[in-house]
Amino acid sequence: MPDQPNILVIMTDQQKATSSHLYGNTFCDTPALARLADEGVLFEHAFTPHPLCVPARVSLWTGQYPHAHGCRRNETLMPAGAEHAFQLWKQAGYHCGLIGKNHCFDRAEDVALFDTWCEVSHGGLPQPGFNKGMEWFRPREGIRAAHTMRADMTPQNPRFGYAVTDFPLGDYATGLIAGQTTRFLEQHKDEPFALWVSFPDPHEPWVAPAQYAALFPLEKVALPPWRDDEFGESAPERNRVLYEMLGFTDDAIEDVYGLLSVYYGMVRFIDDAVGQIIAALDALDLRKNTIVVFLSDHGDFMGEHRMQCKGGVFYDCLTRVPLIMSYPGVIPAGKRDDSMANLVDVVPTLLQLQGIPVPRAMQGQPLPTVTATEPRDVTFSEYGAGGPPFRMSDLHQMPRPYGRETLIRSLQWREAEGRRKMARTREWKYVHDPMGDRDELYHLADDPAELNNVVDDGAHRDVVAAMQQRLLRWSVQTEDSPPVPLPAAIRYDLHS
């Protein structure tokens, strides 16, 4: 194994696994990701520990589930005293960098760990914002102009809006991040680096360059399967409330297709950006000594269940994410791992590949196929901070028509409500909230679109009991945070 391999973690925001042909999409090819998968391992069943930006990002870098690190809302960023990857990499002598969206670190002591800090998000450059280590390679005025539409968009309907624009590709966040990353690699090719490349897309506001949206005309886009009575009275109340806000049944189908073309245009733009970054690694002879990871923090409905955007439920379109890991000559190439994986497993895997001890506080385990670890047959996700439920009666107190404004006004309430948890195997998904609401059980082998909740089917009583046991075992195994200090080594020597 090469000494002190570089780390390059490429993250997207709100990209569901099935947005790529690598995960079954029939109309959106991602050739750069395909090349990365050909040179590494693709995890077919990778899941976010929490389908919301901040909790997922904190979980990634700490290797802990949200109930352990405490960040369970978008308003609760990396807590003081948390042990995370960039602390370990800084201690190991790495040049640490962030290029792109942050939405994780806000404490001065954490930001100080980064030698390079170039932040850009959905709306463009933060205000106030600062760069450390590098100035943007594009003029700030052009960057701001390319992001104007994301702040001033006129939506097609109360539920969603989208737009197509035509600015220089390097001024959009995706092109800007790719260009900045190639320049970072040129400047730091002779020192070990740990770089977080964080694309803020394909998150809303949905805006794509014209040339990318044009790749997905109406006749090319395939709509997902739907069920007309999916959100009747037998559905969990939380799911029904979300559908009232995000469902587009009454909207023009042309607008639905337009939204999908922009979302997938953003996905293809990102794929080209990934290709640009990989090409830079090749040109600089860095590829053989760089561990590259591609992943997303969570997904998006984007047409599934007749909805768009996201909310506090556990359908695969929100929880299943792309995960590809490549390290030429060290981990296998061209492999697809079909075991159950989680974002909390990523940093423990990287640390093991680097030869850095994995802290006891990390609950994730090194991933199989890329390490000798045994594969897992179940993984978990969670949502909520124990707050009171947001019920249909609460929704009905808000002004109609329901839509994006309703979603934002109720956001913090809904982020905190309940303490629901998901257990997911290859064949089954089970969702339970000890604070109430209807349980969910989906037989994924027969119903991959998760359109039929079979939790009340007596034929599956044993499955429900087994999945409940898995949730209980996981909850007990991950309950200590921070871990209780162990006795000194001498206390285990019974002969001293």
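The values are calculated or read from the model by the stated rules, or taken from the named source; none is laboratory data. All figures in this text were calculated on a predicted structure; none of them were measured in a lab. Using ideal geometry, Cβ is built from the backbone for each residue, glycine included, and neighbour counts are taken over all protein chains shown. Heads up: the accessible areas ignore ligands, DNA and RNA and are worked out on the full protein's heavy atoms, side chains in. Shrake-Rupley method; radii C 1.70, N 1.55, O 1.52, S 1.80 Å.
Fraction of C-alpha pairs exceeding 20 angstrom in segment 133-265: 59 percent, rounded to a whole number. Most tightly packed first, judged by the mean number of other beta-carbon atoms within 10 Å of their residues, the peptides 384-391, 314-321 read 314-321, 384-391. With 0.36 nm allotted per residue and the present C-alpha distance subtracted, the residue 226-residue 183 stretch has 11.0 nm of extension available. Go ahead and run the numbers for FRET between residue 394 and residue 489, Cβ-Cβ distance against an R0 of 60 Å, rounding to 0.05. Result of the calculation: an efficiency of 0.65. Taking segment 29-137 as the region of interest, what is the percent of Cα-Cα pairs per 5 angstrom bin, listed from the shortest bin to the one with the maximum distance? Each 5 Å bin holds this share of Cα pairs: 2, 10, 17, 18, 19, 18, 11, 3, 0. Extending 7 Å from the Cα toward the beta-carbon at both residue 26 and residue 38 defines two label points whose distance is 2.5 nm.
Farthest toward the positive end of the dipole of segment 104-185, out of 160, 181, 143, is the Cα of 160, where the dipole comes from beta carbon charges about the Cα centre. Principal axis analysis of the Cα atoms in the chain yields extents of 67, 60, 41 Å, listed in decreasing size. Over the C-alpha atoms of segment 350-412, the Rg to Rh ratio, Rh being the Kirkwood estimate, stands at 1.29.
For segment 346-496, the relative contact order works out to 17 percent when only alpha carbon pairs closer than 8 Å and six or more residues apart are counted.
Using just its DSSP H runs of length 4 or more, each adding -39500 (n - 2.57), the chain gives a mean residue ellipticity at 222 nm of -8500 deg cm²/dmol after division by all residues. For segment 194-203, 3J(HN,Hα) computed residue by residue from phi via the Karplus equation (6.51, -1.76, 1.60; θ = phi - 60°) reads 10, 10, 9, 9, 10, 6, x, 10, x, 6 Hz, glycine and proline entered as x. Here each label is just a point 7 Å from Cα along the line to Cβ, and for residue 371 and residue 253 those points are 4.9 nm apart. Applying the Kirkwood pairwise sum to the alpha-carbon positions of segment 171-232 produces a hydrodynamic radius of 15.6 angstrom.
With the cut-off at 1.5 for a/c, could you classify segment 234-393 from its C-alpha gyration tensor as rounded, prolate or oblate?
Oblate, since a/c reaches 1.5 and b/c is not below a/b.
For segment 109-125, backbone nitrogen atoms closer than 16 Å to the point 7 Å from residue 191 Cα along Cα-to-C-beta are found at 112-118. Take the Cα of residue 91, step 7 Å toward its Cβ, do the same at residue 132, and the gap between the two points is 1.9 nm.
What is the distance in Å between the Cα centres of segment 394-449 and segment 339-384? Here the answer is 26 Å between Cα centres. Subtract the Cα-Cα distance of residue 452 and residue 80 from 0.36 nm times their separation in residues, and report this length gain in nm to one decimal. Once the chain is fully extended between residue 452 and residue 80, it gains 129.7 nm. For residue 121, no residue has an amide H sitting under 5 Å from its own, ignoring neighbours fewer than 5 places away on the same chain, with H placed 1.01 Å from N.
In order along segment 410-419, the phi-based Karplus estimate (6.51 cos²θ - 1.76 cosθ + 1.60, θ = phi - 60°) of 3J(HN,Hα) comes to 9, 4, 5, 4, 6, 4, 8, 5, x, 9 Hz; Gly and Pro are listed as x.
Rg and Dmax over the alpha-carbon atoms of segment 199-260 stand at 14.7, 44 Å. Pairs spanning more than 30 Å between alpha-carbon atoms, out of 101/310; 90/310; 90/429; 310/429: 90/310; 90/429. Can you compute the label reach from residue 360? Point 7 Å from Cα along the Cβ direction, backbone N cut-off under 18 Å, restricted to segment 61-86. What the label zone holds, given the 18 Å backbone N cut-off, is 63-65, 68-69, 82-84.
Phi angles of segment 344-359 translate, via the Karplus equation with coefficients 6.51, -1.76, 1.60 and θ = phi - 60°, into HN-Hα couplings of 5, 7, 5, 5, x, 5, 4, 4, 5, 5, 7, x, 9, x, 7, x Hz per residue; Gly and Pro are given as x.
In straight-distance terms, cross-link reach from residue 288 covers every one of the aspartates and glutamates whose alpha-carbon lies under 15 Å from its own, apart from those fewer than eight places away in the same chain; here that gives 3, 38, 39, 190, 191. Across segment 36-191, Cα pairs under 8 Å and at least six residues apart give a relative contact order of 14 percent. What is the calculated FRET efficiency for residue 335 to residue 4, with r their C-beta to C-beta distance and R₀ = 22 Å, to the nearest 0.05? E between residue 335 and residue 4, to the nearest 0.05, is 0.35. Provide the per residue accessible area, probe 1.4 Å, for the chain, rounded to a whole number of square angstrom. Each residue of the chain exposes 38 Å² on average to a 1.4 Å probe.
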